[in-house]
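Asks: The structure follows.
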Amino acid sequence: MSTQTAGQHSSTRASTDTAKLSTHSLGMVFHRSGETIPVLENINLAVADGEFVCLLGPSGCGKSTLLNTMAGFLSPTSGEVRVDNEIVQGPDPRRIFVFQERGVFPWLTVEGNIAFGLANLTRQERDRRIAHYVQMVGLQGFEKAYPSELSGGMKQRLEVARALAVNPDMLLLDEPFGALDSITRLTMRHELLRIWQAERKTIVFVTHDIDEAVQLADRVVVMSARPASIRQIVTIDIPHPRDISSARYLELRDGIFAQIGLAHKI
Amino acid sequence: MKDLNLLVRLRPVAFIAVLLAIWQVAVMRHPGQLLPSPWQVVGGLADLLRHGLLFKYVVASLFRVTWGFGLAVILAIPLGLIIGWYHRADTALGPVIEVLRPISPLAWIPIAILWFGVGDLSAIFLIFLGSFFPLLLTAINAVRSIPDVYVNAGRNFGLRPLDLIHRVLYPAVIPQLLIGLRISLGVAWLVVVAAEMIAVNSGLGFLIVDARNAGNRYDLVVAGMVVIGVIGLLLDMAMRSLEKVKSFRWSYSED
């Protein structure tokens, strides 16, 4: 997406006319029991086709709300979200939201979940896609299993498979690995990168984990505490597979640590 | 190990046998009018069988429950799903339902007889009332408690409202509905006995009042009670077996 090679820059405005997804002066205000709570303020962001962007911020800062407006589940109170230059009016199968693993339908088998968005296809094509994505996320042998019989990591892979099966342009992932143990989380990051490199979807990935963001993303959007605005966008100019002990990795990561205002010592 | 399992399995049977023995001994030591002995009850059951009444009355009671409960299921579940869905935030109908619900179906007996006369229709109406409100409330609450993720995921995959009801709402509420169905079938079985005592001339409830009125045949009264208990148990077991269906059971095995 970008030609900037500098590690960090504070521009929040990328070129928006070529963007796959863009937000324009986006703001969000919630009303709860008479109180007015500003959640998002003046978010301007452009994501290029095929780009992997992480939204990074402290818990409860509003980054999930931002992702929900991108998906079309929530309407912003000011500004707009555009996908392919069209204003987002509601959810659309071309951009699939991936929840934490509890988003899979527990009353359907693995096959049934993957086939959920494929009702309009011929039986042959549907079976082909199920087989393809079962293979891609490594759930062979579990086609007839129900989610309650799967581990957390398997459920998460199932949800990614269900999302990919409808061949969306874009995946919106909301702290997808947050509930997994740290070993499974590392494996899942690896898997997600492998799938992203194979399918080249545009990915917007919400996380509060700095390491996760720097390991995965082309660019990391660092957000402030609520009401969230964009503090800084950091381009991660390290090719995959990334060496997480390299000097450049540590430099970028520590830069974000400093930006968020965390002492890097415990 | 196998012997131990057998012992464990025999435990309830043994317990019932002990209770029956105590009952028999107690009646023998205090002969009187308090209770017929187990043997007399068995004799009463045999009497009923011989006259062909047992089968006839069981069928009559089950017939009324089937209609009353069936109508309640057909009306309460779709209505509850709709109310629950369109009033996820708003609760306009809630107070009306909350006032009607605690009124015992038995309180409706005079009105049932006024509207439908003495006969099957009255009994069916009372059973319907008894199962309708618990089912309606179960369905409403079940829809309200569906996690947003399922609804959002359904919308994300482009489902239209009818498909959303059919493919997300309905499967999502099934586990809770099954519990509601079990409870309300139990209520229906309670209500049929009471309704038959007043509104009709057949069935297990009628058997109990009739046996008392027609000569204090308490052996028949208790026989009727035993049959009611056993059939109630069988109905509950049938409902429970539905919970074993895998695509229904998901919420029970969820961690």
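Just so it is clear, none of the values below were taken in a lab; they were calculated from the coordinates. Here the structure is a predicted model, which is why all the values come from computation and not from measurement. A quick note on method: Cβ atoms are made from the backbone with ideal geometry, for glycine too, and the neighbour counts reach across all protein chains shown.
Asks: Quick one: net charge of B:A112's neighbours, Cβ under 13 Å, K/R +1, D/E -1?
Replies: -1
Asks: Here's another thing I want to ask about it. Using a Gaussian network model of chain B with C-alpha springs under 10 Å, which one of B:L190, B:L49, B:L177 is most mobile by mean-square fluctuation?
Replies: B:L49
Asks: Work from the charge dipole of the protein assembly as shown (Cβ charges, +1 for Lys and Arg, -1 for Asp and Glu, about the Cα centre) and give the residue of B:G180, A:A165, B:G158 farthest towards its positive end.
Replies: Farthest towards the positive end: B:G180.
Asks: Right, another one. Checking understanding here: applying a Kyte-Doolittle mean of at least 0.0 and a length along the axis of at least 15 Å (C-alpha), which whole DSSP H helices in chain B pass?
Replies: Once both thresholds are applied, what remains is B:2-29, B:38-50, B:53-86, B:120-144, B:170-198, B:218-242.
Asks: Normalised by the number of residues in chain A, what is the relative contact order in percent for Cα pairs under 8 Å and 6+ residues apart?
Replies: Values: 500 pairs, mean separation 71.9, N = 266.
Computed value for chain A: 27 percent relative contact order.
Asks: For A:D209 and B:L75, FRET efficiency with R0 = 30 Å and r from the beta-carbon atoms, rounded to 0.05? Spell out each step's value before the answer.
Replies: Working: r = 51 Å, r/R0 = 1.70.
Computed FRET efficiency for B:L75 and A:D209 comes out at 0.05.
Asks: I want to check the label-to-label distance for A:T187 and B:L49. Put each point 7 Å from Cα in the C-beta direction and report it in nm to one decimal.
Replies: Going from the A:T187 label point to the B:L49 one covers 6.1 nm.
Asks: For labels at A:F257 and A:F30 in the simple 7 Å Cα→Cβ model, what's the distance in nm?
Replies: My value for the distance between the label points is 3.1 nm.
Asks: A follow-up question, please. Please compute the length gained on full extension between A:S148 and A:R128, using 0.36 nm multiplied by the number of residues separating them and subtracting their Cα-Cα distance.
Replies: Numbers: separation 20, 0.36 × 20 = 7.20 nm, distance 2.48 nm.
Net length gain for the segment: 4.7 nm.
Asks: Quick one: if you stick a label point 7 Å off each Cα along the C-beta vector at B:F116 and A:R102, how many nm between them?
Replies: Using points 7 Å along Cα→Cβ, the separation is 4.3 nm.
Asks: For chain A, what does the helix formula give at 222 nm: sum of -39500 (n - 2.57) over DSSP H segments with n ≥ 4, over the residue count, nearest 500 deg cm²/dmol?
Replies: Dividing the helical sum by the residues of chain A leaves -9500 deg cm²/dmol.
Asks: Same structure again: Determine which aspartates and glutamates satisfy two conditions relative to B:K56: a Cα distance under 20 Å, and not lying fewer than 8 residues away in the same chain.
Replies: Reachable aspartates and glutamates: B:D47, B:D120, B:E196, B:D210, B:D219.
Asks: Taking the Cβ of A:Q197 as the centre, find all other residues whose Cβ is under 14 Å away and add up their charges (Lys, Arg: +1; Asp, Glu: -1).
Replies: Combined, the nearby Lys, Arg, Asp and Glu give +1.
Asks: Over the whole of A:84-91, what's the average partner chain Cβ count within 10 Å per residue? Rounded to a whole number, please.
Replies: Taking the mean over all residues of the peptide, I get 1.
Asks: Per 20 Å bin, what percent of the C-alpha pairs of the protein assembly as shown does each bin hold, from zero upward?
Replies: 18, 37, 25, 16, 4, 0
Asks: Give, as ranges by residue number, the residues of the range A:149-189 whose backbone N falls under 16 Å from the point 7 Å along Cα→Cβ of A:D49.
Replies: Correct set: A:168-171.
Asks: With axes computed from alpha carbons, what is the tilt in degrees of helix A:152-165 against the longest principal axis of chain A, rounded to the nearest 10 within 0 to 90?
Replies: Helix A:152-165 sits roughly 90 degrees off the main axis of chain A.
Asks: What percent does the relative contact order of chain B come to when contacts are Cα pairs within less than 8 Å and at least six residues apart?
Replies: Relative CO of chain B lands at 24 percent.
Asks: Taking each pair of distinct Cα atoms in the range A:95-167 once, what is the resulting Kirkwood hydrodynamic radius in Å?
Replies: It is 11.8 Å.
Asks: Helix A:123-136 versus the longest principal axis of chain A: what is the Cα-based angle in degrees, 0 to 90, to the nearest 10?
Replies: For helix A:123-136, the angle is close to 60 degrees.
Asks: Same structure again: State the percent of C-alpha pairs, over all pairs in chain A, separated by a distance greater than 27 angstrom.
Replies: So the pairs more than 27 Å apart make up 39 percent of the total in chain A.
Asks: Another question about this same structure. For the pair B:W39 and B:D148, what calculated FRET efficiency results from E = 1/(1 + (r/R0)^6), where r is the Cβ-Cβ distance and R0 = 51 Å, to the nearest 0.05?
Replies: Computed FRET efficiency for B:D148 and B:W39 comes out at 0.25.
Asks: Just to confirm a number: summing +1 for Lys and Arg and -1 for Asp and Glu over residues other than A:D92 whose beta-carbon lies under 12 angstrom from that of A:D92, what do you get?
Replies: Overall, the nearby charge balance is 0.
Asks: Here is a follow-up. Which FRET efficiency, nearest 0.05, do A:I238 and A:Q89 yield, Cβ-Cβ r, R0 41 Å?
Replies: 0.65
Asks: Turning to a different aspect of this structure: Please work out the Kirkwood hydrodynamic radius for the range B:50-184, using every pair of different C-alpha atoms, and report it in angstroms with one decimal place.
Replies: That comes to 16.6 Å for the range B:50-184.
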